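These notes concern the structure reproduced below.
The values are calculated or read from the model by the stated rules, or taken from the named source; none is laboratory data. This one's a predicted model, so the numbers in the text were calculated from it and none came from an experiment. Reconstructed Cβ throughout: ideal geometry from the backbone, glycine too, with neighbour counts over all protein chains shown.
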């Protein structure tokens, strides 16, 4: 049975993302073979994506990232996995940054500014993979935005969803240090994210925590407070980032083997398939 697509409440907004991306420098590209400490988290995400895509056959090879503003992952998917890539974002500044990132890598790809609730008709059912990173947790109910995303998938296509672990310690830290940013998220744990995919008539193949620790996901941009309060917040954040980096170093040198978990992990990753007949088996 197909889930009904209903408008969802957007806890952020196009204007919010316009402000976030306006004037921000383009981020460095993803380099999976970079063994430096600063690349630890990206290597973990690359490892997950390589595992998720291994042994799968795609004809044609088409991937769309929704919420592609300022994302380094479209060039990554084109270069590392050979996908033809496209992007959709409702922020014009976000679209410009996505085009700039593709252009920097000499990669062809179509970036459109548009509304997920009224997507371009020629993109309906047109993609083998729909990828989002830090998108669905801004909408409520979660199943509604996943249902809208699934419209872009061909039958049998794969949805890859990454969200921050706002129900764990990264979310607790965000709530304490920057409550306005916490409030634009829907805190989800892995079970809730999986259930939302099922409610959107998708077959969940995997849903679990990703990476052991990265308090760098805590966003202090425009955090309330001034003077000593603001300084204290940045000192606390710096200590948490240093703890994360120390953990990465120990892990990279195989001195510890920490497991991703619901408390410390920065991300949750879900893989779900659109049923071949468009509904439940």
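Within segment 72-82, the presence of at least one residue that is in contact with a helix residue (DSSP H, G or I) (Cβ under 7 Å, 6 or more places away or on another chain), part of a helix (DSSP H, G or I) and crowded, with 24+ Cβ neighbours inside 10 Å is confirmed.
Residue 62: free of Cβ contacts under 8 Å to residues at least 12 places away in the same chain and surrounded by 15 or more Cβ atoms within 10 Å (Cβ to Cβ), yes or no? Considered against the rule, which asks whether it is free of Cβ contacts under 8 Å to residues at least 12 places away in the same chain and surrounded by 15 or more Cβ atoms within 10 Å (Cβ to Cβ), residue 62 comes out as no. For residue 156, the criteria (1) loosely packed, with under 15 Cβ neighbours inside 10 Å; (2) under 24 Å from residue 11 (Cα atoms); (3) at pLDDT below 95 hold in every case but one, which is (2). For residue 102, the conditions (1) in a loop (DSSP other than H, G, I, E, B); (2) over 19 Å from residue 154 (Cβ atoms); (3) in contact with a strand residue (DSSP E or B) (Cβ under 9 Å, 6 or more places away or on another chain) all hold with the exception of (1).
Only a single criterion out of (1) touching a strand residue (DSSP E or B) at 6+ places or on another chain (Cβ under 6 Å); (2) not in a strand (DSSP E or B) is not satisfied by residue 205, namely (2). Restricted to segment 83-95, and to residues there that are touching a helix residue (DSSP H, G or I) at 6+ places or on another chain (Cβ under 8 Å) and part of a helix (DSSP H, G or I), the residue that is surrounded by the most Cβ atoms within 10 Å (Cβ to Cβ) is 94. Scoring residue 119 on the criteria (1) closer than 18 Å to residue 159 by Cβ; (2) out of contact with any helix residue (DSSP H, G or I) (no Cβ under 6 Å at 6 or more places or on another chain); (3) surrounded by 20 or more Cβ atoms within 10 Å (Cβ to Cβ) leaves a single failure, condition (3).
Against the definition (assigned to a loop (DSSP other than H, G, I, E, B) and over 17 Å from residue 8 (Cβ atoms)), how does residue 171 come out, yes or no? Spelling it out, it is not the case that residue 171 is assigned to a loop (DSSP other than H, G, I, E, B) and over 17 Å from residue 8 (Cβ atoms).
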